[in-house]
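The values are calculated or read from the model by the stated rules, or taken from the named source; none is laboratory data. All of these numbers come straight from a predicted model, not from anything done at the bench. Backbone-built Cβ (ideal geometry, glycine too); neighbour counts: all protein chains shown. The accessibility values were calculated without ligands, DNA or RNA, using every heavy atom of the protein model including side chains. Shrake-Rupley method; radii C 1.70, N 1.55, O 1.52, S 1.80 Å.
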Amino acid sequence: MFDFGFSELVLIGLIALIVLGPERLPEVARAAGRWAARLRRFIEDVKRDIDREVQDENLIAFRKVQEELTETRNILEKSTRETFSSLSEPLRLDAPTSESLAPATETQGPIIESPAPKPAKPRARSSGRKKSSARKPTASRATASKKTTRTKHGGTRKPRSR
């Protein structure tokens, strides 16, 4: 804001000391400090008020945009529902009427019944390992006690005896 260097402040201090004298200089310095603090607080209050007003204006504009987006979303949802409900009704090809026997024009196309969509099959989650389709025969208890098994960390261990 103000560009005062140290040499200018020293010069102002010497002039004030000569003009005011050593008795009145501390009182004037305190008063000048109070006035500077009041001025600083006043400027900060004005800045806060201006920021608050700008924020209120931005908030009002944001709310208008939000209302417009909500209206647009509602219109799109309504039109989507109407479109899907009209597509989900099957078109009937019953007995021919006089309208269906008339030659087709550009505005009147052929009536075609669309097949109903098939439901999606749920997918099973995979653990990452492939499972074999054929089961291996299990060993008897006598041979199972002699064999060692693999742990999930790659080591081996003997089964417990029962």
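What to note about this one:
- Residue in the range 8-16 that is within 48 Å of the chain's Cα centre (by Cα), surrounded by 10 or more Cβ atoms within 10 Å (Cβ to Cβ) and in a helix (DSSP H, G or I) present: no
- Checked against (1) at pLDDT 80 or above; (2) among the aliphatic types (A, V, I, L, M); (3) open to solvent by less than 100 Å² (accessible area, probe 1.4 Å), Ala95 meets all criteria but (1).
- Pro22 vs. criteria over 49 Å from the mean Cα position of the chain (by Cα), surrounded by 10 or more Cβ atoms within 10 Å (Cβ to Cβ) and either assigned to a helix (DSSP H, G or I) or free of Cβ contacts under 8 Å to residues at least 12 places away in the same chain (or both): no
- Remark: pairs (first residue in the range 58-70, without any contact (Cβ under 8 Å) to a residue 24 or more places away in the chain and surrounded by 10 or more Cβ atoms within 10 Å (Cβ to Cβ); second residue of a type in the set (S, T, N, Q) and part of a helix (DSSP H, G or I); Cβ separation under 9 Å; 6+ apart in sequence or on different chains) are absent.
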